[in-house]
Structure formats: structure tokens, C-alpha cells
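Readers should treat all values here as calculations from the given coordinates under stated rules, not as data from a laboratory. Computed from a predicted structure; not experimentally measured. As a convention, Cβ positions derive from the backbone with ideal geometry for all residues, glycine included, and neighbour counts pool all protein chains shown.
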Amino acid sequence: MKNEPSITTLRTGDSVAYQVIYEGNRDAFIAFASKYDLDQDAILDVYQESMIALYENIMKGNVKEFSSSIKTYLFGIGKFKLYEQLRAQKKLVLVDDFQDQEVLIDVETTKLTEQQKALRKHFQKLGERCRNILELFYLQGFKIKEIMTVANYENENTVKAQKSRCLKQLKTMMNPQKNG
């Protein structure tokens with residue numbers, strides 16, 4: 001979108017600026033999200049939740065400037081929320097064979113290996129913060145700095161440390177005899 005509102009304008013809570021963002025990106029987001037197995041109402045709900053998150057991140061000062069376009073930032077939030085929605089409907093799950101090959105699979109059309117089933121079970125046992133950070137990093141390809149902003153962490157080192165602890169915890173749960 002050309003002529004995006006400035007971060008300064010957005011920090012004032014200017015409703016016209018937010019309306020420009022909302023209306024200027026809505027159709028593109030719906031087109032983007034339509035590839036996921038969600039109905040139109042669910043996609044619109046996700047879009048509205050993403051706009052609220054964008055607004056809150058700006059107003060709380062979590063976003064000082066955009067390293068990409070506002071659209072890219074908004075779609076990043078939206079993609080995360082789409083995945084949350086699909087996971088809640090049990091349509092997607094994180095699969096990791098611990099050889100740095102993480103993939104998102106469609107549970108309804110794919111048979112899981114025993115290791116994938118175990119990973120799914122243990123992943124669900126992780127705390128919400130751990131699941132969130134691992135999903136943002138591995139599934140959505142967020143960079144550490146982006147995770148810091150979206151998930152409201154204090155700094156990048158905190159994100160790195162948390163991600164490392166969470167991954168170690170998951171690996172320990174997967175292979176208790178190796179880590180005991």
C-alpha cells in the first residue's frame with residue numbers, strides 16, 4: 001500500500017489512519033488466507049484480531065519502526081493467528097524430526113509416523129509460551145526480533161534463551177533416555 005501512515009501518526013491513535021490500513025489490506029488478506037481451510041467469517045475474525053494486535057503493539061510502544069511494510073507486519077501477525085485457528089480445529093500440527101526439518105502438515109490427509117505422533121503429544125505438553133515461540137520461529141519463519149515484538153519479550157537475548165530452553169525441553173521429552 002502506497003503512502004502508509006507513519007508510526008508517529010499511528011501512535012496518536014488516528015482512527016482514519018487505522019481505517020486506511022484496515023480497508024487497504026482487507027481484500028488482500030482474505031485472498032491470502034483463502035488458501036487455508038477456514039470459512040470467510042473465520043478469516044475476517046482473524047483479520048480483525050490481527051488489526052487489534054497491530055494497534056496494541058504500536059500503542060504499547062512494542063513497535064518503534066517497521067523494518068518492512070505495515071502490510072507485511074500485519075500479514076505476519078495474521079499468519080500466526082491463522083495457524084492458531086487451524087491448530088485449534090486440529091487441522092495442523094508441528095512436525096520436527098530434529099534434523100532441522102520442521103514442516104507443517106495437514107493432519108486430516110497425512111498419516112503420522114510414530115515419532116511424529118510422539119512429537120505432537122509432547123509438543124502439546126509444553127507451556128503456552130514455549131509452544132508460541134517455537135511456532136513463531138519454526139513454522140512461521142519469524143526472526144528473533146520479530147518474535148520479540150509480536151510476543152512482547154523485553155529483548156532479543158530473552159527470546160533466544162527462551163527458544164533454546166523450549167527446544168531443549170521438547171527434545172528431552174522426546175528422548176528421555178539420552179538426556180537423563
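Centroid-to-centroid, using Cα positions, region 129-180 and region 1-30 are 31 Å apart.
Could you calculate the contour length gain from Thr113 to Met173, that is, 0.36 nm times the residue separation minus the distance between their Cα atoms, to one decimal place in nm? The Thr113-Met173 span can extend by a further 19.9 nm. Sorted fewest first by neighbouring Cβ atoms within 10 angstrom, Ile58, Ile147, Ile7 come out as Ile7, Ile58, Ile147. On the basis of the beta-carbon distance and an R0 of 25 Å, Lys143 and Ile52 show a calculated FRET efficiency of 0.65.
Among the listed pairs Lys81/Lys125; Lys35/Lys168; Lys71/Lys121, a Cα-Cα separation exceeding 26 Å is found for Lys35/Lys168; Lys71/Lys121.
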